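Report on the structure given below.
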Amino acid sequence: MIPDSLLDEIADALVEPGYWISDRAIPVDIGTGLQGAFEMLQAEEFKVAGIGRQTDFQLEEKIRADKIHWISANSPETTQFLQWMDALKAGLNRRLFMGLFDYESHFAHYPVGAFYKKHLDAFRAKGGQPSSNRVLSTVYYLNESWLPENGGELLIYNEADSAVVETVQPTFGRLVIFLSEKFPHEVLPANRERKSIAGWFRVNEGRLS
Ligand code: OGA
Ligand code: MN
């Protein structure tokens with residue numbers, strides 16, 4: 001499903017610099033199907049998203065203002081997407097021995113002005129602390145004809161000195177993959193609604209404890 005040459009390229013990028021951005025990864029028909037599946041969802045099927053294990057919703061609204069809908073293989077479109085991610089998982093495990101175990105993902109709707117402040121998708125395990133088992137993050141964009149003046153960029157920072165290493169427009173078909181523990185990132189507010197699919201490969205819980 002994914003050409004070996006593409007898997008090689010992604011695996012190399014994850015070794016160094018630790019992230020990969022491309023507009024030619026996921027086949028266009030899958031992207032178009034996902035746009036349709038997103039459109040079919042009703043407003044009430046999107047929920048305020050949590051941050052980590054927090055349950056303080058007032059705090060959450062200061063950090064992120066998107067609304068989410070968890071993806072399952074309940075339509076041909078989402079099934080194709082999840083199958084593509086499964087092929088990516090297998091290809092990366094073969095090349096990098098990452099031990100990727102499962103994948104969770106959600107549609108994210110950012111209304112005009114919504115943002116997601118700088119954050120990490122996972123925290124390294126420290127003695128005794130609970131750790132996230134998210135190791136690899138993906139973001140896939142569904143916005144046709146996005147213009148620079150629309151804002152809504154994904155900023156990726158480097159771990160060492162918080163310099164911005166990438167500014168990513170959320171343009172249709174673009175896929176970003178990065179090591180969850182290594183790259184703080186944020187979503188700037190946009191002046192038009194912004195649609196994406198965020199996802200995370202996790203390692204098996206038992207491996208971390
Ligand atoms: C996230 C996230 C980035 C984006 O949902 O954790 O960082 O560009 N999303 O939508
Ligand atoms: Mn994130």
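The values are calculated or read from the model by the stated rules, or taken from the named source; none is laboratory data. A quick note: this is a predicted structure, and the numbers were derived from the prediction, not measured. Using ideal geometry, Cβ is built from the backbone for each residue, glycine included, and neighbour counts are taken over all protein chains shown.
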- Message: I'd like to check something: does region 164-186 contain any residue that is charged (D, E, K, R), surrounded by fewer than 19 Cβ atoms within 10 Å (Cβ to Cβ) and away from ligand 2 (no atom under 16 Å from the Cβ)?
- Response: no
- Message: Taking the criterion of being modelled with pLDDT under 95, among the acidic types (Asp, Glu), more than 16 Å from ligand 1 (Cβ to nearest atom) and farther than 20 Å from Arg134 by Cβ, would at least one residue in region 28-36 satisfy it?
- Response: no
- Report the residue count in region 162-189 for those that are near ligand 1 (Cβ under 10 Å from one of its atoms) and assigned to a strand (DSSP E or B). 6
- Using the structure shown, decide if Ile63 is within 16 Å of ligand 1 (Cβ to nearest atom), within 14 Å of the chain's Cα centre (by Cα) and among the β-branched types (Val, Ile, Thr). no
- Query: Given the structure, is Glu159 within 16 Å of ligand 1 (Cβ to nearest atom), at pLDDT below 95 and under 21 Å from Asp12 (Cβ atoms)?
  - Reply: yes
- Query: Any chance region 125-138 includes a residue that's modelled with pLDDT of 95 or more, more than 16 Å from ligand 2 (Cβ to nearest atom), touching a helix residue (DSSP H, G or I) at 6+ places or on another chain (Cβ under 7 Å) and not β-branched (Val, Ile, Thr)?
  - Reply: no
- Task: Could you please give the count of residues in region 10-29 that are under 16 Å from the mean Cα position of the chain (by Cα) and surrounded by fewer than 17 Cβ atoms within 10 Å (Cβ to Cβ)?
- Result: 3
